[in-house]
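Novice: The following block contains the structure, expressed as structure tokens.
The values are calculated or read from the model by the stated rules, or taken from the named source; none is laboratory data. Just so we're clear, the structure is a prediction, and the values are computed from it rather than from any experiment. Cβ sites come from the backbone with ideal geometry, for glycine too, and all protein chains shown count toward neighbours.
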Amino acid sequence: MPIPTQSNSSTDPSSTADFLITTKKKSLALFGLSLGYFMVLLDTTIVTVALPAIHTDMGGHFTSLEWVVNAYTVLFASLLLSMGSLSDRYGAKRIFGGGLILFAITSAFSSAASSLELLIVLRGLLGIGGAAMTSASLALLASIYQDPKERTKALGVFASISGVALAAGPVMGGMLVDWFGWRSIFMVNIPIAVLSLFLIVLNASETQRNTDRTLDLTGQLTATLFFLTLTFALVEGGSLGWSSLSVITAITVAIISLLLFAVVEARSKSPMLPVQLLRRRSISAGLAAGLAVNFGLSGCLFVLTFFFQQSQGYSALLTGLAFLPLTLPMMINPMITSRIVNRVGVRLPMICGFFLTSIGTIMLTISNGDFYWLLFVGLFLIGYGLSLTIPPLVTSIVTASPPGHAGVASGALNSIRQLGAALGVAVLSLCMNVGSAHAESAAGFNSALMISAFVLAGGGVITFLFISRKPS
């Protein structure tokens with residue numbers, strides 16, 4: 001009687017080969033996604049250290065330089081949630097690839113921009129491409145890694161990219177500006193985008209399309225109008241005057257747009273931001289805390305760039321290196337913070353992080369650039385505090401979300417953080433009066449940073465009062 005043979009997939013050469021091929025394709029797809037995400041995040045910081053060089057080359061009022069930063073962040077913030085809907089409807093791979101192509105082409109045109117106004121428009125288009133890539137990337141990653149354990153590891157790799165991009169942005173920007181000129185900071189995007197697109201096309205499959213998912217067009221229009229008009233009022237208020245017709249009109253339109261957005265979302269069958277999410281205390285408080293985080297971070301990066309280069313005489317490269325005490329902890333510490341959160345919950349690390357960041361910002365005002373050890377410690381406390389704050393902030397939002405709404409809630413957090421970045425640049429540069437003699441004085445520098453410290457401390461108070469140890 002013949003003995004039946006048993007097939008063992010662990011020893012079958014063909015099964016092993018298939019497994020290795022599949023694993024390789026997943027790894028290459030993850031690398032492609034990470035490259036694209038790295039490029040998007042890099043573009044939020046690499047431009048900052050190049051702003052003085054752009055101003056020297058193109059001239060213009062310093063409020064125009066704020067728009068070089070804010071055109072990107074405002075459109076990025078306002079389109080994140082809608083791009084998520086488009087990814088569900090048309091496929092995440094298609095939306096991610098479209099965002100990559102737009103990013104690469106616009107980067108090429110940005111490097112050849114002949115005027116500051118054209119550069120601002122192109123930066124807005126970069127923000128649209130960045131929103132498409134960011135929204136589609138997580139959906140694509142979840143489709144590639146369907147095993148929960150594999151997905152967790154992949155998400156860890158993907159999340160670590162943000163710290164690397166934040167640390168690399170100012171240094172890479174400084175090197176490129178000093179060695180090749182400011183236009184090179186846009187050219188560097190092109191090979192990254194091409195390689196990312198190549199890897200995604202060859203190694204990632206399209207996600208399942210949900211044709212029932214509709215785009216909340218009215219909500220999107222009112223949200224974008226609110227972001228743009230509010231930012232316009234804050235950026236232009238100092239130069240045009242707060243009583244000018246343009247600024248008053250912008251503030252009025254911003255208020256009306258916000259009210260219309262609330263009404264539209266409450267009545268919509270497929271809202272961009274479900275109102276019931278905001279009724280959850282931990283989510284609404286988490287969104288307020290997220291706004292405070294990026295207000296302080298982006299505002300400080302913008303103001304310190306001009307302080308280092310205008311007042312202290314640093315080169316672009318030296319400015320990037322000066323930011324390392326802030327950016328390196330944000331690259332290294334999040335993995336440790338995740339372990340702390342697993343033990344003590346989200347509330348305590350967030351409170352400590354906010355107040356450490358606020359203390360670090362106050363220390364910068366004491367140093368005035370004259371005592372580097374104070375400057376070093378202050379920047380380190382800001383970076384370390386942010387690394388304690390951001391991971392549990394994301395966890396608190398996702399944990400507090402009702403079933404099926406975690407993606408929308410995390411998208412809302414990303415949007416509000418980008419809005420905070422735009423507001424931080426607008427408000428702190430207004431306080432410092434960048435570009436005038438006041439900007440080089442201790443008073444202008446200190447007033448801007450004290451506002452930042454106050455907002456960051458406010459984030460700590462909000463966390464203490466409204467976010468529970470384990471949101472539910």
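Novice: Confirm whether residue 232 is in a helix (DSSP H, G or I), more than 25 Å from residue 33 (Cα to Cα) and either at pLDDT 90 or above or among the hydrophobic types (A, V, I, L, M, F, W, C) (or both).
Specialist: yes
Novice: Go through segment 255-286 and report how many residues are over 17 Å from residue 387 (Cα atoms), crowded, with 24+ Cβ neighbours inside 10 Å and modelled with pLDDT of 85 or more.
Specialist: Number satisfying all stated conditions: 1.
Novice: Given 443, 453, which one is of a type in the set (Gly, Ala, Ser) and at pLDDT 85 or above?
Specialist: 453
Novice: Scanning for something β-branched (Val, Ile, Thr) and either surrounded by fewer than 24 Cβ atoms within 10 Å (Cβ to Cβ) or not assigned by TED's automatic domain parsing to the domain that holds residue 176 (or both), does segment 98-105 turn up at least one residue?
Specialist: Scanning segment 98-105, I find at least one residue that is β-branched (Val, Ile, Thr) and either surrounded by fewer than 24 Cβ atoms within 10 Å (Cβ to Cβ) or not assigned by TED's automatic domain parsing to the domain that holds residue 176 (or both), so the answer is yes.
Novice: To continue, here is another question. Looking at the structure I just gave you, is residue 359 of a type outside the set (S, T, N, Q) and more than 29 Å from residue 227 (Cβ to Cβ)?
Specialist: yes
Novice: Quick check: anything in segment 310-317 in contact with a Gly (Cβ under 6 Å, 6 or more places away or on another chain), crowded, with 21+ Cβ neighbours inside 10 Å and among the hydrophobic types (A, V, I, L, M, F, W, C)? Outline the logic, then answer.
Specialist: Going residue by residue through segment 310-317, those that are in contact with a Gly (Cβ under 6 Å, 6 or more places away or on another chain) are 312, 316-317.
Filter once more, so that each one left must be crowded, with 21+ Cβ neighbours inside 10 Å: 316.
Those left that are additionally among the hydrophobic types (A, V, I, L, M, F, W, C): 316.
There is at least one residue in segment 310-317 that is in contact with a Gly (Cβ under 6 Å, 6 or more places away or on another chain), crowded, with 21+ Cβ neighbours inside 10 Å and among the hydrophobic types (A, V, I, L, M, F, W, C).
Novice: A further question follows. Going through 380, 323 one at a time, which residue ends up being modelled with pLDDT of 90 or more and among the aromatic types (Phe, Trp, Tyr)?
Specialist: 380
Novice: Also: Report yes if some residue within segment 383-393 is assigned by TED's automatic domain parsing to the domain that holds residue 312, of a type in the set (Gly, Ala, Ser) and either over 25 Å from the mean Cα position of the chain (by Cα) or not in a helix (DSSP H, G or I) (or both); otherwise report no.
Specialist: Taking segment 383-393 first, the residues assigned by TED's automatic domain parsing to the domain that holds residue 312 are 383-393.
From what is left, the residues that are of a type in the set (Gly, Ala, Ser) are 383, 385, 387.
Within this subset, residues satisfying the condition of being either over 25 Å from the mean Cα position of the chain (by Cα) or not in a helix (DSSP H, G or I) (or both) are none.
For segment 383-393, residues assigned by TED's automatic domain parsing to the domain that holds residue 312, of a type in the set (Gly, Ala, Ser) and either over 25 Å from the mean Cα position of the chain (by Cα) or not in a helix (DSSP H, G or I) (or both): absent.
Novice: Hey, among 258, 277, 228, 221, which residue is under 27 Å from residue 401 (Cβ atoms), within 25 Å of the chain's Cα centre (by Cα) and in contact (Cβ under 8 Å) with a residue 60 or more places away in the chain?
Specialist: The match here is 277.
Novice: What number of residues within segment 216-227 are at pLDDT below 90 and either touching a Pro at 6+ places or on another chain (Cβ under 6 Å) or crowded, with 20+ Cβ neighbours inside 10 Å (or both)?
Specialist: Of the residues in segment 216-227, 4 are at pLDDT below 90 and either touching a Pro at 6+ places or on another chain (Cβ under 6 Å) or crowded, with 20+ Cβ neighbours inside 10 Å (or both).
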